[in-house]
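Read the structure below first, then the notes.
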Amino acid sequence: MKRGVVGAAGLALAGLLSGCVPGPLRAQPGAQLRLTVTPGTRAVETVTGEDALYRAPGPGSLRVSTDWAAFVTSVVLPAQGGALVLPTVQTRPGEVVSTPLPVTQGFTQVFTVASLAPMPLDGAAGARSVPDVSRAVEGAARALPAGAYTVGTTVYRVVRFGTLDVRSNLAGATVRVNGVRVGVTPLTVPDLPEGRLAVEVSRDGFKAVTQQVNVVGDTVSRVDATLRPVTGTLTVRSDVLADLFIERQRAGTVQPGLGLDLPLRPGVVALNVVPRDRALAAQNLLVRVTADKVTPVICAVRGGAYSCTLP
């Protein structure tokens, strides 16, 4: 008697769901035969990395092989239920047999049963759920000796795909879709499954822009991102009228009781505060502006002298 082996899942997603599948629908420990099941065509490769996604009509077929001569029957369970039992095929050791799959929409599970003797699965026809299919398989297996059957699971989704077109006011901005970096602007991203997704456009020194986009199948969804510089706020107050210069460029006039608020790029800037009253000395100082914060500079006459401080 051969050692038991696990029937191969057609797609990685099947492995993630295996813990939810009832025992009769899993690869049987102690099975006398090995079953391999793979989709007949490759899934669509998406930039965001979703597995097992197909355009209609789906994978089209399953490629099935066994290491012993066997009877192989696939039960297709669409998302809406109503399982279909495909015609039984016979395999020879090492031979690959192609089994056509019906057209489905959305999430689809296929349970491929291989047995050493005929195993009628008509009871699974029309099943509305995985437990219903499991009961049919379990009932059919009672007539077989131990280790005479095993099961491979294939899971996939048939969806529509759309295209995303991303532009920004600054070329070369990084684009992320659902957190996955997909390129830089201007950018066209094909083969995105329909539904809502988050698009982030970012560039060093600028505030990132994030938009929720509803991708519709067979259409182009557009994102136009306007990137604005990351800034801090310089606030200058003076109890006398004064002119303000930043890096030797005139930035405005500070009115007593009003002050002056200026958005600036983060970093160290040179300030010159020049009172209109020439009897008061101009003030020169270096100020560090921090992103998304307010940096205050307070200028006042104290004891007859004019000075500026950073609180």
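Step by step: first the residues of segment 45-77, then only those that are over 28 Å from the mean Cα position of the chain (by Cα) and among the polar types (S, T, N, Q), then the one that is most open to solvent (accessible area, probe 1.4 Å). Which residue is that? For segment 45-77, the residue satisfying everything is Ser65.
The combined condition, being exposed (fewer than 14 other Cβ atoms within 10 Å of the Cβ) and part of a strand (DSSP E or B), is not fulfilled by Pro145. Scanning segment 257-291 for residues that are in contact (Cβ under 8 Å) with a residue 40 or more places away in the chain and open to solvent by 80 Å² or more (accessible area, probe 1.4 Å) yields one hit, Arg265. Looking only at segment 195-217, residues that are open to solvent by 80 Å² or more (accessible area, probe 1.4 Å) and under 19 Å from Ala52 (Cα atoms) come to 1 in all. Out of the residues in segment 14-30 that are in a helix (DSSP H, G or I), open to solvent by 40 Å² or more (accessible area, probe 1.4 Å) and under 12 Å from Val130 (Cβ atoms), state the one that is modelled with the lowest pLDDT. Per the stated criteria, the residue is Ser18. Looking at segment 188-197, is at least one residue β-branched (Val, Ile, Thr) and in a loop (DSSP other than H, G, I, E, B)? So far as segment 188-197 goes, no, none of its residues is β-branched (Val, Ile, Thr) and in a loop (DSSP other than H, G, I, E, B). Of everything listed in (1) exposed (fewer than 15 other Cβ atoms within 10 Å of the Cβ); (2) without any contact (Cβ under 8 Å) to a residue 24 or more places away in the chain, the single unmet condition for Leu187 is (1). Taking strands (runs of 3 or more DSSP E) as the structural unit, those lying wholly within segment 200-284 and holding at least 2 residues that are more than 24 Å from Pro311 (Cβ to Cβ) correspond to 209-215, 220-225, 249-254. Within segment 152-174, the residues that satisfy the criterion of being buried (at least 17 other Cβ atoms within 10 Å of the Cβ) and not in a strand (DSSP E or B) are Val159, Ala173. With the structure loaded, tell me whether Thr226 is more than 25 Å from Ser202 (Cβ to Cβ) and loosely packed, with under 13 Cβ neighbours inside 10 Å or whether it fails that test. No; evaluated as a whole, the condition is false for this residue.
Restricting attention to segment 78-122, the residues being at pLDDT 95 or above, outside any strand (DSSP E or B) and either open to solvent by less than 10 Å² (accessible area, probe 1.4 Å) or more than 25 Å from Ser65 (Cβ to Cβ) (or both) number 2.
The values are calculated or read from the model by the stated rules, or taken from the named source; none is laboratory data. If you're wondering where the values come from, they're calculated on a predicted model, not measured in any experiment. Ideal geometry is used to build each Cβ from the backbone, glycine not excepted, and the neighbour counts take in all protein chains shown. Remember, those area values only see protein heavy atoms, side chains included, never the ligands or the DNA or RNA. Shrake-Rupley method; radii C 1.70, N 1.55, O 1.52, S 1.80 Å.
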